[in-house]
Amino acid sequence: MFICLNCSGIHRNIPQVSKVKSVRLDEWDNGQIEFMASTGNNAAKAKYEAEIPPFYYKPTASDCQLLREQWIRAKYERKEFIYIEKQEPYSAGYREGFLWKRGRDNGQFLSRKFVLSEREGALKYYNKNDAKEPKAIMKIEHLNATFQPAKIGNPHGLQITYLKDNSTRNIFVYHEDGKEMVDWFNAIRAARFHYLQVAFPGASNIDLVPKLSRNYLKEGYMEKTGPKQTEGFKKRWFTMDDRRLMYFKDPLDAFARGEVFIGSKDNSYTVLEGLPPSIQGNHWQHGITIVTPDRKFLFACETENDQLEWIAAFQKVISRPMLPQEYAVEAHFKHKP
């Protein structure tokens, strides 16, 4: 079948499965041409993607190397989407094992036991192998997982978030085995899928699948000032997670220093380029003002390109009407200075 240049490099590293030839640079004999004409992408997909579970994450060209490589190996090497029994590691509704977890205070990665149970509706981890009580219980209802290899500093790095007292808690994990890590990711998505099927019995797979996990709309450094707008600007790491704008002192902090709810333009939320003229002090030159029903939030970006990207991310959220459940989030949201 025909593949893109990015994926061709992965295929070349699996010679027992793939033989890669360039359309332009390599010579093709008649047998190879006839094979491609008779097989092609559609026939290959019909065979190798015959039994993909609806919750299984199908990577795009922009996804990390790990997701793309394990997708290719799952399809052609392990044939997971031909033989359903091979999907047991992520479809059984229960999974336990050990992951390297980053310590909240010391930053060291230590081996921790994790247990995912659809029946209990939770992902748990334990500080000691024989511990009776888990260190944390993460409800599947509020769970998200996204691969963050660059931020975590490991090609298999996964960021898991959940809500604790209506605030976001981050944990950062990895496993040396790429398949193991992607199996955990898809097991979390499977648990989310089955939870949402029960919570929204009339919803179709097309409605539910986008809600299983989400990548962040935008991350990076900005400067911010406090609610009185007289304090100096401080550099913080910002993460835009749907309608939650969180800021951290360090990208790998467990808890955000503060969170801002970003509503809809229909509810008096606006994003403006620049800062009010009364703002004094040293700060980056490319300002952004977010107007909410309660107050204005002031941010500054280092470059004009950063400013434009952040404004585009904010506009994307603000232009979207709020869902009924998002009004409840807004009502209970804790505005932190």
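The values are calculated or read from the model by the stated rules, or taken from the named source; none is laboratory data. Just so it is clear, the model here is predicted, and its values are computed rather than measured. FYI the Cβ positions are ideal-geometry reconstructions off the backbone, even for glycines, and counts take in every protein chain you see. We work out accessible area using only protein heavy atoms, side chains counted, and drop any ligands, DNA or RNA first. Shrake-Rupley method; radii C 1.70, N 1.55, O 1.52, S 1.80 Å.
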inquiry  = Give me Rg/Rg_expected for region 195-239, where Rg uses Cα atoms only and Rg_expected = 2.2 N^0.38 Å with N residues.
reply    = 2.02
inquiry  = At 1.4 Å probe size, what's the solvent-accessible area of residue 257? Round to the nearest 10 Å².
reply    = 120
remark   = A correct Karplus calculation of ³J(HN,Hα) over region 243-248, with 6.51 cos²θ - 1.76 cosθ + 1.60, θ = phi - 60°, whole Hz and x for Gly and Pro, returns 9, 9, 9, 10, 10, 10
key: Largest-first ordering by accessible area, 1.4 Å probe, given options 119, 236   = 119, 236
remark   = Between the Cα axis of helix 304-318 and the main Cα principal axis of the chain, the angle (0 to 90°, nearest 10) is 90
query = So what's the convex hull volume per residue for the Cα atoms of region 275-323, in Å³?
reply = 80
inquiry  = For residue 168, what residues show an amide H to amide H distance below 5 Å, using hydrogens built from the backbone and excluding near sequence neighbours?
reply    = 256
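If you take the Cα Rg of region 105-168 and divide it by 2.2 N^0.38 Å, with N the number of residues, what do you get? Working shown, then result.
Numbers: Rg = 12.8 Å, N = 64, 2.2 N^0.38 = 10.7 Å.
Output field value: 1.20.
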request  = Beyond 28 Å between alpha-carbons counts as too far, so tell me which of 132/164; 218/265; 128/224; 151/211; 19/113 fall in that bin.
outcome  = 128/224; 19/113
message = What is the ratio of the Cα radius of gyration of region 252-337 to 2.2 N^0.38 Å, with N the residue count, to two decimals?
response = 1.16
task = For region 70-229, go through all pairs of different Cα atoms, get the mean of 1/r, take its inverse, and jot down that Kirkwood value in Å.
result = 17.2
inquiry  = Using Stokes-Einstein with the Kirkwood hydrodynamic radius over Cα pairs, what translational diffusion coefficient do you get for region 18-146 at 25 °C and a viscosity of 0.890 mPa s, in µm²/s rounded to a whole number?
reply    = 133
Cα principal axis extents for region 198-292, largest first, Å = 54, 34, 20
query = Got the relative contact order for the chain handy, in percent, Cα pairs under 8 Å and 6 or more residues apart?
reply = 11
ask   = What FRET efficiency would be calculated for the residue pair residue 49, residue 325, taking the C-beta separation as r and a Förster radius of 35 Å, to the nearest 0.05?
value = 0.60
ask   = For the pair residue 165 and residue 106, how long in nm is the line joining their label points, each one 7 Å along Cα→Cβ?
value = 2.5
Most to least accessible of 301, 64 (protein chains only, probe 1.4 Å) = 64, 301
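Arrange the residues 126, 221 by how much accessible surface each exposes, largest first, with a 1.4 angstrom probe.
Largest accessible area first, the list is 221, 126.
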From phi via Karplus (6.51, -1.76, 1.60), per-residue ³J(HN,Hα) for region 288-303 in Hz, x at Gly/Pro = 9, 10, 10, 9, 10, x, 9, 6, 9, 10, 10, 10, 9, 10, 6, 10
Within straight-line cross-link reach of residue 58, aspartates and glutamates at Cα separation under 20 Å, skipping those fewer than 8 residues along the same chain = 49, 69, 77, 80, 85, 88, 177, 180, 183, 207
note = Once both label points are put 7 Å beyond Cα along the C-beta direction, the residue 206-residue 285 separation in nm becomes 4.9
With Cα atoms, 0 to 90° folded angle of helix 178-199 axis to the chain main axis = 70
Per principal axis, descending, Cα span of the chain in whole Å = 74, 56, 44
message = Running a GNM on the chain with Cα contacts under 10 Å, which residue among 256, 122, 43 ends up with the highest mean-square fluctuation?
response = 43
inquiry  = Starting from the Kirkwood Rh over alpha-carbon pairs, what translational D in µm² s⁻¹ does region 22-67 have by Stokes-Einstein at 10 °C and 1.306 mPa s?
reply    = 118
key: Cα-based equivalent ellipsoid of region 167-248: semi-axis lengths in Å, sorted from largest, via gyration tensor   = 34, 19, 9
request  = Springs between alpha-carbon atoms under 10 Å, Gaussian network over the chain: tell me which of 139, 228, 218 tops the mean-square fluctuations.
outcome  = 228
query = Can you list the residues, at least 5 places off or on another chain, whose amide H is less than 5 Å from the amide H of residue 287, using H built in the peptide plane?
reply = 274, 275, 301
message = Only Cα pairs within less than 10 Å get springs; with that Gaussian network setup on the chain, which residue of 46, 190, 254 has the largest fluctuation?
response = 46
task = Grab the beta carbon distance between residue 117 and residue 254, set R0 = 25 Å, and tell me the FRET efficiency rounded to 0.05.
result = 0.60
